[in-house]
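Let me begin by presenting the structure, written as structure tokens, before commenting on it.
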Amino acid sequence: MKQINLSLATIVFFLLLSCNNNATSDKDNKVTTDIVNNPITASGKYDKNILPKIKFDKATHDFGVIIQGEKVSHSFTYKNVGGSDLLIRDIKATCGCTVVKFSKDPLPPGKEGKVEVVFNSDRRKGIQRKSVFLWANTQPNRNEISITAEVIVPK
């Protein structure tokens, strides 16, 4: 009986994994190989100057004290200090109260870009810290920026 349950659980697990592989079919979200350059080899030796590298002027922003219900925004400026085009593939905030706007266009070396983060303090109170994760063709591929605010409730 345990063997049958284990077999069924394994089959269900693999079916669920295979179903999620085609979750996004939006042609605009596809990354083509002509803009991705990964010179890292199995030996671990590579020229670090070839890869794109993202550098933020400031990776955190503090809005200070805000009143509950306010929407505040901040634009994080970043620069591609690497040797090839930087491509931000995806950005996700840790909370639905935080909305992020960014460009999916490749950013050439030496150029600057912006990521706009909008925080909605509706139904929030106290110290709030929200992280935003960026996935790009950098090494490592995940980068983080964050915002903080102290939300007060008006009397």
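The set of residues in segment 112-155 that are out of contact with any strand residue (DSSP E or B) (no Cβ under 6 Å at 6 or more places or on another chain), in a loop (DSSP other than H, G, I, E, B) and either under 26 Å from Ile67 (Cα atoms) or not polar (S, T, N, Q) (or both) comprises Asp122, Arg123, Pro140, Val153, Lys155. Applying a threshold of 7 Å to beta carbon distances and a minimum spacing of six or more residues, or different chains, the list of pairs starting in segment 71-96 at a residue that is under 16 Å from Lys114 (Cα atoms) and ending at one that is part of a strand (DSSP E or B) and of a type in the set (S, T, N, Q) reads Leu86/Asn80.
Taking the conditions (1) modelled with pLDDT of 65 or more; (2) among the hydrophobic types (A, V, I, L, M, F, W, C); (3) assigned to a loop (DSSP other than H, G, I, E, B); (4) loosely packed, with under 10 Cβ neighbours inside 10 Å in turn, Ala23 satisfies each one other than (1). Among the residues of segment 75-94, those that are surrounded by fewer than 17 Cβ atoms within 10 Å (Cβ to Cβ) and either more than 12 Å from Phe133 (Cβ to Cβ) or touching a Cys at 6+ places or on another chain (Cβ under 8 Å) (or both) comprise Ser75, Thr77, Val81, Gly83.
For segment 120-155, filtered to residues that are of a type in the set (Gly, Ala, Ser) and surrounded by 12 or more Cβ atoms within 10 Å (Cβ to Cβ), the residue that is farthest from Pro52 (Cα to Cα) is Ser121. In the set Ser103, Ser84, Ser73, only one residue is among the hydroxyl-bearing types (Ser, Thr, Tyr), outside any strand (DSSP E or B) and more than 15 Å from the chain's Cα centre (by Cα); that residue is Ser84. Flag: Gly69 matches the condition of being on the phi > 0 side of the Ramachandran plot, surrounded by 12 or more Cβ atoms within 10 Å (Cβ to Cβ) and modelled with pLDDT of 95 or more.
The values are calculated or read from the model by the stated rules, or taken from the named source; none is laboratory data. Small disclaimer: the values here were computed from a predicted structure and weren't measured. As a convention, Cβ positions derive from the backbone with ideal geometry for all residues, glycine included, and neighbour counts pool all protein chains shown.
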